[in-house]
Amino acid sequence: MVEGFFPSEQPAPAFDRPVKIGCSGYSYKHWKEVFYPAKLPTTRWLEFYSRFFPTVELNTTFYNLPGQKTFDAWVRNSPEKFLFAVKAPRLITHMKKLHDPQEAMTQFYQRIAILGAKRGPVLYQLPPHWHYNHERLVEFLKLLPPDIPHTLEIRDPAWLNDRFFTALSDYKVAYCISSLPFYKTPVVKTASFAYFRFHGSGRMYDYDYPLEELKGWRDEIVKLAQDNCPSYIYFDNDPHGWAIENARQLIELVNEAGPLA
């Protein structure tokens, strides 16, 4: 559990640092009294969250695309330099499997444009047990708006091949470096930025990262930053508030490394 993790005890988030660390989602009922004060209304949760972290990964967009009022509220209730990474709808990735996605993509990009300067990278998470399809991948990559940073997460190791990484590099799409219990993901740079997702290496989601494991990831992240490659990093291990605690720990570890490029 996260104890004593309140504004007076935590430095302000570093919005201008090249390494931005946050959580995958912020609106979890089980974070009440673990992270959020008991009497804090849910309408103020994002405001509270943003006192600690400079970014969040929006996951609700994966299941259903919220309306304009929700996006307006996200913008209104977050600091000026706060960034929202946005997970693309499962309609595109899991149902259509990247086939004929134009209509769904148009609606998605029109909606997230509401975020304006607060819109960060767009995450496409591919489904598990879907083997590599190079032709469909390339046709999909051609459709991505070049003025928006994109990252692609895979859940089937069959995609880990040279043609896949070359295609991502050709279209300047970041390979999503994921910490998973299923397989060890490589740290590969395919774009001008890196994108990390921490789901739990020992157990999916319900996993508290040991400090030594986080130190290993810190070293990789710092190495990228020193090579002028900024990183977006999100913890998805939300049970028990592990994501909050591990994100906080990684922020401290990165800060210990001193100034970054």
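Condition first: out of contact with any Cys (no Cβ under 7 Å at 6 or more places or on another chain), outside any loop (DSSP other than H, G, I, E, B) and either more than 17 Å from GLU135 (Cα to Cα) or of a type in the set (Val, Ile, Thr) (or both). Now tell me which residues in the stretch 152-166 satisfy that.
Answer for the stretch 152-166, where residues must be out of contact with any Cys (no Cβ under 7 Å at 6 or more places or on another chain), outside any loop (DSSP other than H, G, I, E, B) and either more than 17 Å from GLU135 (Cα to Cα) or of a type in the set (Val, Ile, Thr) (or both): PRO157, THR166.
With (1) small (Gly, Ala, Ser); (2) assigned to a loop (DSSP other than H, G, I, E, B); (3) touching a helix residue (DSSP H, G or I) at 6+ places or on another chain (Cβ under 8 Å) as the list, and SER192 as the residue in question, which single condition is left unmet?
Condition (3) is where SER192 drops out.
Tell me whether the stretch 140-163 contains one or more residues that are of a type outside the set (A, V, I, L, M, F, W, C), in contact with a strand residue (DSSP E or B) (Cβ under 6 Å, 6 or more places away or on another chain) and more than 25 Å from ALA243 (Cβ to Cβ).
Scanning the stretch 140-163 turns up no residue that is of a type outside the set (A, V, I, L, M, F, W, C), in contact with a strand residue (DSSP E or B) (Cβ under 6 Å, 6 or more places away or on another chain) and more than 25 Å from ALA243 (Cβ to Cβ).
Determine, yes or no, whether ARG248 is outside any loop (DSSP other than H, G, I, E, B), among the basic types (Lys, Arg) and touching a Cys at 6+ places or on another chain (Cβ under 9 Å).
No: the conditions fail for ARG248.
Taking the stretch 102-159 as the search range and keeping residues that are aromatic (Phe, Trp, Tyr) and over 21 Å from the mean Cα position of the chain (by Cα), which one is nearest to LEU58 (Cα to Cα)?
Among residues in the stretch 102-159 that are aromatic (Phe, Trp, Tyr) and over 21 Å from the mean Cα position of the chain (by Cα), the one nearest to LEU58 (Cα to Cα) is TRP130.
Say whether the condition of being surrounded by 19 or more Cβ atoms within 10 Å (Cβ to Cβ) and under 24 Å from PHE52 (Cα atoms) is met by at least one residue in the stretch 158-165.
No, that holds for no residue.
Could you please find all residues in the stretch 167-180 being in contact (Cβ under 8 Å) with a residue 24 or more places away in the chain and not in a strand (DSSP E or B)?
Those that are in contact (Cβ under 8 Å) with a residue 24 or more places away in the chain and not in a strand (DSSP E or B): ALA167, LEU168, ASP170, TYR171, LYS172, VAL173, LEU180.
If you take the residues in the stretch 195-230 that are outside any loop (DSSP other than H, G, I, E, B) and in contact with an Asp or Glu (Cβ under 9 Å, 6 or more places away or on another chain), which one is surrounded by the fewest Cβ atoms within 10 Å (Cβ to Cβ)?
ARG218
Could you go through the stretch 67-75 and let me know if any residue there is among the hydrophobic types (A, V, I, L, M, F, W, C), farther than 12 Å from SER27 by Cβ and out of contact with any Leu (no Cβ under 9 Å at 6 or more places or on another chain).
no
Every number here is computed from the coordinates shown, using simple stated rules; none is lab data. On a predicted model such as this, the values are computed, not experimentally measured, just so you know. With ideal geometry, Cβ positions are generated from the backbone for all residues, glycine too; neighbour counts draw on all protein chains shown.
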